[in-house]
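The values are calculated or read from the model by the stated rules, or taken from the named source; none is laboratory data. Everything quoted here is computed from the prediction, not taken from an experiment. Cβ coordinates were reconstructed from backbone atoms using ideal geometry, including for glycine residues, and neighbour counts include every protein chain displayed. Ligands, DNA and RNA are excluded from the accessible area calculation, which covers all protein heavy atoms including side chains. Shrake-Rupley method; radii C 1.70, N 1.55, O 1.52, S 1.80 Å.
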Amino acid sequence: MDWLDVRSMADDAPKVSSKIPGLLEGLNPPQREACEHEQGPLLILAGPGSGKTRVITSRVAYLITECGVGPDEILALTFTNKAAKEMRERVQRLLPNTQGFWISTFHSLCARILRREIEILPEYTRDFSIYDTADKRQLLKTVIKELNYDAKRFRPPVLASWISNAKNNCAPDDGLTFDPDGGIDDEVCARVMARYQQRMRENNALDFDDLLLVTLEMFEKHPGVRDSYSYRFRQVMVDEYQDTNRVQYRLVQHFSGHHGNLTVCGDPDQSIYGWRGADVRNILDFEADHPEAKTVRLEQNYRSTGTILKAASVLIANNSQRKPKDLWTESGEGELIALIQCGDEEDEARELALRCKNLHRQGKAWSEIAIFYRMNFMQRALESALRLSGVPYQVVGGLEFYARREIKDLMAWLKLMVNPRDDGAFLRVVNVPSRGVGETSMGRLVQYARERGLCLSDAVQQEDALAQIRGRAKKGLAEFSAMRQELTEAVEAGAGVALDTLLETIDAERWFMEMDTGDAMIDRESNVEELRSHAHQYDRLQPKGGLPGFLQDVALVSDVDDLDEGTEQVKMMTLHSSKGLEFPHVFVTGLEEELLPHGRAVEEDPENGLQEERRLLYVGMTRAMEGLTLSYATQRRFFGEDRWQRPSCFLDEIPPETIEGGVEPTEESETEALGEFDAEESGHDLLIGHLVKHDHFGVGTVQQLTGAGVNARATVSFNRHGTKQLLLAYAGLVKLGNS
């Protein structure tokens, strides 16, 4: 649980006045300055490894013991359950007998506020379901079908991303409209979104973005609710402020609006979530938004060697969207950064596996080693090489426990028990176990419900609805309805008892046998037993949470929450997942053009894309404490096609004196490396000198053509954006004629 929820205990929460001897001892002067700031806005610019978590937790303790602020008057927000848990544990170690802290992720905070207050909005009840990514995409599939759109053209993952961006980049009163000049695709997206939101309201469900957006809507429509929270908090702190989006920005202003004591901590150089709505301008403009703000820079690094810091600092200095920092360390220069040139992804993976084994032979624990990659598809070759080499590993953010079929089914059952209006959960479990309810029968029930404005749980209880259904399906639906109503009685018994009752009622053994036999069935039984253990443990730790609280905690699990730091395994993860972590030895793979920096990220947002990709590499490099290895391949297989790769442009920005090893790229020409341009195989009839138009770069002239198929590239001199090299398979160039 990532929240200390004591609103009901607020009046009883002790006011701590006793001072803690030596509380700020060991802090460097800027850290101490940040802790002792009492009134008004504060910006803490915290470089990687600069001890910001210690500063925030020490600041919480200082405000309570030295400044008379009540524990329940402090709100501390961050982005991951892992970070919130660490922050909470550190505060509790400093103040072991104190209760009342509000330490939470944004999503958990809003979910719990909505559990109390959402019924002020007529569309929802407190028993609302929280839809995860899979639930959201499944509902979008249904919506696309309802609207008679082509599911291959308008894919649920793409639409889900579009909807998420629309929500994260606006507020309720801004409206969620499409650009009429943007083409039919935008109009379709807007129609899908409108129907999707309608279905969500009917299901009494919120997705992750809604948790924030609906809270903001409630605050702005009902100022009394907003003020009850704003008046409550005398101090508001936000960690990783560079990752906030527009909605979170507005929420923070509301929470801190009464006293104006807002502390934000972050680093513009580590803003890597622009693709999901994060706006680096929130932290860059903080001093403009708050002219009276105090700014403290945490520049001493306690994590990395001087060589790693120098390389990362010189790299990131090429960005313009930043606030300059001068990172330094007392740890010494350390070893040089290793650079490896590999033949292909298999060669790269074998080399990394060998180096992992060498580190282990030198006495390094497997858990001290991490491998980062830009894209998930790179995981396959790396896993294969580690497995063949006998290197134990854990994939962080892979197939999570809660994404497994049997767990998803049980969680859907539990959600339906709490929220009968959840049609998504109904559709998932109506045949769990099998009851012979086919698509035709379900289609009739869905149509009946839609025509009458009913949820499926209510519709299935109507005699005239079942009268339209024949045979085994009719009996199966009647049994399912009776079972669901019977299970409702178990909701008040706690998460563990509710799950045990569910497993007994659905005859879990029969269900397992329907899915699998042999080892697969044993694995599923083990997973269900793990879920049972978790549910009963939740009841012991959170006796007031009940089944709704358990469902909420599970729904808000993030990708990196499955990181088990205690296991002796090499950790594998994407660069995005590495944020906030540290390891003695780090491998960053795939430093190639079109991969890091990612071609599509740069093409879709020329102004900001390259800077965010550079920040992503900066984050990866600064996770390393002692040893850092960078690697790239000269050939890599992308989606079934072999491509010749060029080293990343970022490698040219790293000081050569910080790097050793590797093979210098050959001096052959672009044509020698990629081959002559093959118009027929590439599907483009371009010639040197042709005028072309690009969606972002505008009009330009083709200067050079090389390669064939997926490797075909065009060097284009654009009138306003200079010379760019583009992969023709993704560039979408439109030929205008000869120059």
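Pick from 681, 664, 657: which is over 24 Å from residue 602 (Cα atoms), open to solvent by 90 Å² or more (accessible area, probe 1.4 Å), out of contact with any strand residue (DSSP E or B) (no Cβ under 9 Å at 6 or more places or on another chain) and modelled with pLDDT under 80? Quick ask: steps written out before the conclusion?
On the way: 664 fails: out of contact with any strand residue (DSSP E or B) (no Cβ under 9 Å at 6 or more places or on another chain); 657 fails: modelled with pLDDT under 80.
The match here is 681.
Only one of the numbered conditions (1) within 22 Å of residue 581 (Cβ to Cβ); (2) over 27 Å from the mean Cα position of the chain (by Cα) is not met by residue 372, and that is (2). Scanning the range 354-374 for residues that are surrounded by fewer than 22 Cβ atoms within 10 Å (Cβ to Cβ) and closer than 12 Å to residue 572 by Cα returns 366, 367, 368.
Scanning the range 273-329 for residues that are open to solvent by less than 40 Å² (accessible area, probe 1.4 Å), of a type in the set (D, E, K, R) and out of contact with any Gly (no Cβ under 9 Å at 6 or more places or on another chain) returns 279, 323.
Remark: residue 428 falls outside the filter, which requires a residue to be at pLDDT below 95, touching a Leu at 6+ places or on another chain (Cβ under 9 Å) and within 30 Å of residue 51 (Cα to Cα). Of all residues assigned to the range 490-499, at least one qualifies as being farther than 22 Å from residue 128 by Cβ and open to solvent by less than 50 Å² (accessible area, probe 1.4 Å). Picking from residues in the range 526-538 that are at pLDDT 80 or above and of a type outside the set (S, T, N, Q), the one that is surrounded by the fewest Cβ atoms within 10 Å (Cβ to Cβ) is 529.
Within the range 279-324, the residues that satisfy the criterion of being of a type in the set (D, E, K, R) and within 25 Å of residue 261 (Cβ to Cβ) are 279, 281, 285, 287, 289, 292, 294, 297, 299, 323. No other residue among 600, 614 is modelled with pLDDT of 90 or more and outside any strand (DSSP E or B) apart from 614. When the residues of the range 539-571 are filtered to those that are small (Gly, Ala, Ser) and either part of a helix (DSSP H, G or I) or at pLDDT below 75 (or both), the one that is farthest from the chain's Cα centre (by Cα) is 546.
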